[in-house]
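Beneath this line is the structure, given in structure tokens, with notes to follow.
Where a number appears in this text, it was derived from the coordinates with a stated rule and is not lab data. On a predicted model such as this, the values are computed, not experimentally measured, just so you know. Neighbour counts are summed over all protein chains in view; Cβ atoms, including those assigned to glycine, are modelled from backbone coordinates with ideal geometry.
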2 protein chains.
Amino acid sequence: MTKIQKVADLAGVSTATVSRALAGKSSVSPATRSRVEDAARELGYVVSANASSLASGKTRNVGVVVPFIDSWFFIAVLKGIQRSLADAGYDLTLYHLDPNVGQDRPVEENPRRRRLFDEFLRRGRVDALIAVSLELNRAELDSLTAIKKPVVGIGGPLPGIQTLSLDDHEVARLAVDHLLALGHREIAHLAGDQDFEIDFHLPAHRRAGWEEALARAGITPDPLMLRTADFTIAGGYDATLQLLGDPRVHPTAIFAASDEMAIGAMLAARDLGRSVPEDLSIIGIDGHELSDFFSLTTVDQFPEVQGRHAVEILLHQLDGDRPEPGNEALPYELVVRKSTGPAPGSSRR
Amino acid sequence: MTKIQKVADLAGVSTATVSRALAGKSSVSPATRSRVEDAARELGYVVSANASSLASGKTRNVGVVVPFIDSWFFIAVLKGIQRSLADAGYDLTLYHLDPNVGQDRPVEENPRRRRLFDEFLRRGRVDALIAVSLELNRAELDSLTAIKKPVVGIGGPLPGIQTLSLDDHEVARLAVDHLLALGHREIAHLAGDQDFEIDFHLPAHRRAGWEEALARAGITPDPLMLRTADFTIAGGYDATLQLLGDPRVHPTAIFAASDEMAIGAMLAARDLGRSVPEDLSIIGIDGHELSDFFSLTTVDQFPEVQGRHAVEILLHQLDGDRPEPGNEALPYELVVRKSTGPAPGSSRR
DNA sequence: GTGAAAGCGCTAACAT
DNA sequence: ATGTTAGCGCTTTCAC
């Protein structure tokens, strides 16, 4: 392994100067700098990350914690994070914290989770942390603030931590208002189930948005119009079969809490011989990569952009900015495609 | 930050003993060990990863390089890797090397790719590397062997490197043989396109398997029965529209090179009013999470297991084993569901 | 602008 | 089984 001393020898300077030149510090004359760069290139020298980190206290590595590693949304966020980090010369260490593991016991007793907070994050291997959709308990929050490293949470709010979050309530209202504007009054909701409540009660917020939008339109939400599923296509499919098969309700539209459930609903409707959107309008939330293929109307929340934005904030903080922690609302956008249309028999067009 | 000296003081031993005790070395008396552990717990001491790595040369971190971060297959592999690594107390640093970037220029001129091999992997931040579906050029292979760290490739073979790979040719033959056994003779193939050839010519191998299986059955592959797509649902859908709309061919079965394309084919067939499998049988490759939902017959390649297995091999090597590099064939399994059935008019049942 | 030297916090010989 | 000590390879004062 080539070390800094060799480069210093070849360039005819001290190791200190090599370090400065290669780190891009300003206090090096252009001539010296290029001699050092040439020497480094010639020897194929690359700084040892560990030695550098130990001496400087900076790792150029960011930890990312995600609750699910195989859901489209989290992967999209991760992709945005990875890209931005790589471009900034940072490594990304991936931690996965399955929130369903140990759900029966209090969160603080989940051993994997404890281990992450008590060990992994305290070994000084990361300069900062991005937590995606993780609701942290008091002890975890404390342990994060204790290590005094920048933390950005996606999905929030998290007390004492800078977060980015979607206003789930508003997003849901927008989706339902879109359906109301098309003349629908019998609007069902495919909500996320229990297992996902850990993430800032996202299912509850979206459900509340549905209820509020209906209430404002003078409609009393019917409990039979509310079905829960697990955010997947298969889950949305099954829930929709139940919903459409129930003789007591006659929805003309479905608002699904995720695009994947909405796609499942479209497939179920088709299998039951209902045309979308003629017989049934369907809207989701996310901006899933498949939504365009299925012509699904959705509220896009730009997950990849969320990841990029989180990195941007983090890099600013690593540059010395210490913004007061707070919550920033994430952008979203109604994307109308062909899965929603006027309510059957509606006068509105 | 609590350092080792404090723990040593509290436990009344030297730092060396603390280091040994906490590392689980055998040469520490049980009594001393538990005193050290108590002291460490009391002080909330966690070793500094950087200091430890610098002194020992071991990082307990593994790098993983994937070509696509948003394809189901790679994520499934990544999930398997992450789980196993975490259980073994290893961190995982994720590198993403989009093979499409810079495709117009030779691989060795892709700057991101160069940077990964010339810098990131040489900074000594990882103990080992897992490369998923990456065909490496001479220079890259050399740079990997030069750093003398264990490397396991998933998808291969890679000269001089230990690899795990699916026999794409055999898998394709199995899929086509399944269709032939059902009496099909007009079997089309949805192949992966150009962009994926970089990965060990996987599309070419699967196509060759299709051709060979047909040839063995005395059937001459018809070029019009071969369509290419990009491995996605949308791509498979479009390619299938083209295929089924072409008046010159009359396939009774489709062998798709991936489950996602097969699902696209199923949706296209349905939109064209063809029943699956009565009018058209469809088979894919992968074992995609949606294959069960769509009742898709497929050849499962257990991607998550592939990831776990790669880690297993790596950990063995890190324990001192130096197996000769070679290629290990990965298991696969035909999973028959309802998307394949007897050929129309076939006597076989 | 550059050099000398003192660590960064730990591990691994080498002793005992 | 435990202590002593010399680094691991770099960055950063502090001088000049």
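Numbers for the structure displayed
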{"item": "Separation of the residue A:336 and residue A:170 label points, Cα + 7 Å toward Cβ, nm", "result": "2.1"}
{"item": "Sites residue A:1 and residue A:278, calculated FRET efficiency, Cβ-Cβ separation with R0 51 Å, nearest 0.05", "result": "0.15"}
{"item": "For residue A:328, residues with placed amide H under 5 Å, excluding near neighbours", "result": "A:163, A:164, A:165"}
{"item": "Label point 7 Å beyond Cα along the C-beta direction, distances from residue A:215 to other copies (nm, shortest first)", "result": "7.1"}
{"item": "Electrostatic dipole magnitude of the protein assembly as shown [Cβ: Lys, Arg +1; Asp, Glu -1; Cα centre; debye, to 20]", "result": "2220"}
{"item": "Percentage relative contact order, chain A, counting C-alpha pairs under 8 Å, at least six apart", "result": "17"}
{"item": "With Cα atoms, 0 to 90° folded angle of helix A:202-216 axis to chain A main axis", "result": "40"}
{"item": "Residue A:15 versus residue B:87: modelled label distance in nm, points set 7 Å from Cα along the beta carbon direction", "result": "4.2"}
{"item": "Cα convex hull of region A:64-183, projected area averaged across orientations, nm²", "result": "9.4"}
{"item": "Positive-end extreme of charge dipole, the protein assembly as shown - chosen from B:267, B:23, A:117 (charges on Cβ)", "result": "B:23"}
{"item": "Inter-copy separations for residue B:273, label at 7 Å along Cα-Cβ, nm, ascending", "result": "1.7"}
{"item": "Relative packing of B:167-175, B:1-9, A:260-268, which averages over residues the other C-beta atoms within 10 Å, highest first", "result": "A:260-268, B:167-175, B:1-9"}
{"item": "Positive-end extreme of charge dipole, the protein assembly as shown - chosen from A:318, B:303, B:163 (charges on Cβ)", "result": "A:318"}
{"item": "Net charge contributed by nearby residues that have their C-beta within less than 10 Å of residue A:172 (K/R +1, D/E -1)", "result": "-3"}
{"item": "FRET efficiency estimate (nearest 0.05) - Cβ-Cβ, residue A:292 to residue B:119, R0 30 angstrom", "result": "0.20"}
{"item": "Net +/- balance of residues flanking residue A:47 in space, Cβ distance below 11 Å, scoring K and R +1, D and E -1", "result": "+4"}
{"item": "Kirkwood-Stokes translational diffusion coefficient of region B:3-47, alpha-carbon pairs, 4 °C, 1.567 mPa s, µm²/s", "result": "132"}
{"item": "Residue-wise HN-Hα coupling along region B:55-62, computed from phi with Karplus coefficients 6.51, -1.76, 1.60 (Hz; x: Gly, Pro)", "result": "6, 9, x, 10, 9, 6, 8, 10"}
{"item": "Average Cα contact separation per residue, region A:211-349, under 8 Å, 6 or more apart, as relative contact order %", "result": "21"}
{"item": "Cα pair distances of chain A binned at 20 Å [whole percent]", "result": "27, 44, 22, 7, 0"}
{"item": "All-pairs alpha carbon distance profile, the protein assembly as shown, 20 Å steps from 0, percent", "result": "16, 44, 32, 8, 0"}
{"item": "Calculated from backbone phi, Karplus (6.51, -1.76, 1.60) coupling profile of region B:132-144 in Hz, x at Gly/Pro", "result": "9, 6, 10, 8, 9, 7, 3, 4, 5, 4, 4, 5, 6"}
{"item": "Residue-count net charge about residue B:209 - beta-carbon cut-off 14 Å; Lys, Arg +1, Asp, Glu -1", "result": "-2"}
{"item": "Inter-label distance for residue A:177 and residue A:43, nm, one decimal - labels placed 7 Å from Cα along Cα-to-Cβ", "result": "6.4"}
{"item": "Spin-label zone in region B:6-24 - amide nitrogen under 17 Å from a point set 7 Å from the Cα of residue A:146 along the C-beta vector", "result": "B:6-7"}
{"item": "Inter-copy spacing of residue A:148 label points, which lie 7 Å from Cα along Cα→Cβ, given in nm from shortest upward", "result": "3.9"}
